[in-house]
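Undergrad: Okay, handing you the structure first.
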Amino acid sequence: MTKNDVTIEREDTPTKGRYVARVPGVAEEAELTFSKAGAELLIADHTAVPDAMRGMGVGALLAARLVADARKGGYSILALCPFVRAQAQRHPEWADVVRT
């Protein structure tokens, strides 16, 4: 599997949202959820990757997509999710948008 095999979609409601990742041949989906706090803050609160996707880097792709969208949309991210917080520590270049 390559990162090009993973499809990621963003779903939004007025107060919450999530990124959903799908991999061909895997029935389950991975997700990263967030809450919206005001017009400029996304609170990353949960990341879940099914066992069938573990070790494929899907969680990291979800976090990277969150960061890319935050930059594009002018948002800051508060990383309450332990996985997103750990990814932010591995990627100091995200410090412009991620608060841990």
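The values are calculated or read from the model by the stated rules, or taken from the named source; none is laboratory data. Small disclaimer: the values here were computed from a predicted structure and weren't measured. Backbone-built Cβ (ideal geometry, glycine too); neighbour counts: all protein chains shown.
Undergrad: If a residue has to be modelled with pLDDT of 95 or more and among the hydroxyl-bearing types (Ser, Thr, Tyr) to count, how many in segment 76-100 make the cut?
TA: Residues in segment 76-100 being modelled with pLDDT of 95 or more and among the hydroxyl-bearing types (Ser, Thr, Tyr): 1 in total.
Undergrad: Hey, another quick one. Yes or no: segment 50-63 includes at least one residue that is buried (at least 17 other Cβ atoms within 10 Å of the Cβ) and more than 18 Å from Arg85 (Cα to Cα).
TA: Yes, because at least one residue in segment 50-63 is buried (at least 17 other Cβ atoms within 10 Å of the Cβ) and more than 18 Å from Arg85 (Cα to Cα).
Undergrad: Restricting the search to segment 1-42, which residues are in a loop (DSSP other than H, G, I, E, B) and farther than 24 Å from Asp96 by Cα?
TA: Correct list: Met1, Thr2, Val6, Thr13, Pro14, Val23, Pro24, Gly25, Val26, Ala27, Glu28, Glu29.
Undergrad: Out of curiosity, is Arg10 basic (Lys, Arg), in contact with a Phe, Trp or Tyr (Cβ under 6 Å, 6 or more places away or on another chain) and within 23 Å of Pro92 (Cα to Cα)?
TA: Here the answer is no, as Arg10 does not meet what is asked.
Undergrad: Search segment 37-50 for residues that are in contact (Cβ under 8 Å) with a residue 24 or more places away in the chain and pair each with any residue that is of a type outside the set (Asp, Glu) and in a loop (DSSP other than H, G, I, E, B) when their beta-carbon atoms are under 6 Å apart and the residues are at least 6 apart or on different chains.
TA: Glu40/Tyr75; Leu42/Tyr75; Ile43/Leu80; Ala44/Cys81; Asp45/Leu80; Asp45/Cys81; His46/Cys81; Thr47/Cys81
Undergrad: Same structure again: Just to be sure I understand, how many residues within segment 37-81 are farther than 19 Å from Arg22 by Cα and of a type in the set (D, E, K, R)?
TA: The number of residues fulfilling the criteria is 4.
Undergrad: Could you list all residues from segment 43-100 that are among the β-branched types (Val, Ile, Thr), in a loop (DSSP other than H, G, I, E, B) and within 18 Å of Glu29 (Cβ to Cβ)?
TA: Val49
Undergrad: Turning to a different aspect of this structure: Kindly indicate whether any position in segment 57-65 is more than 11 Å from the chain's Cα centre (by Cα) and either on the phi < 0 side of the Ramachandran plot or touching a residue at least 40 places away in the same chain (Cβ under 8 Å) (or both).
TA: yes
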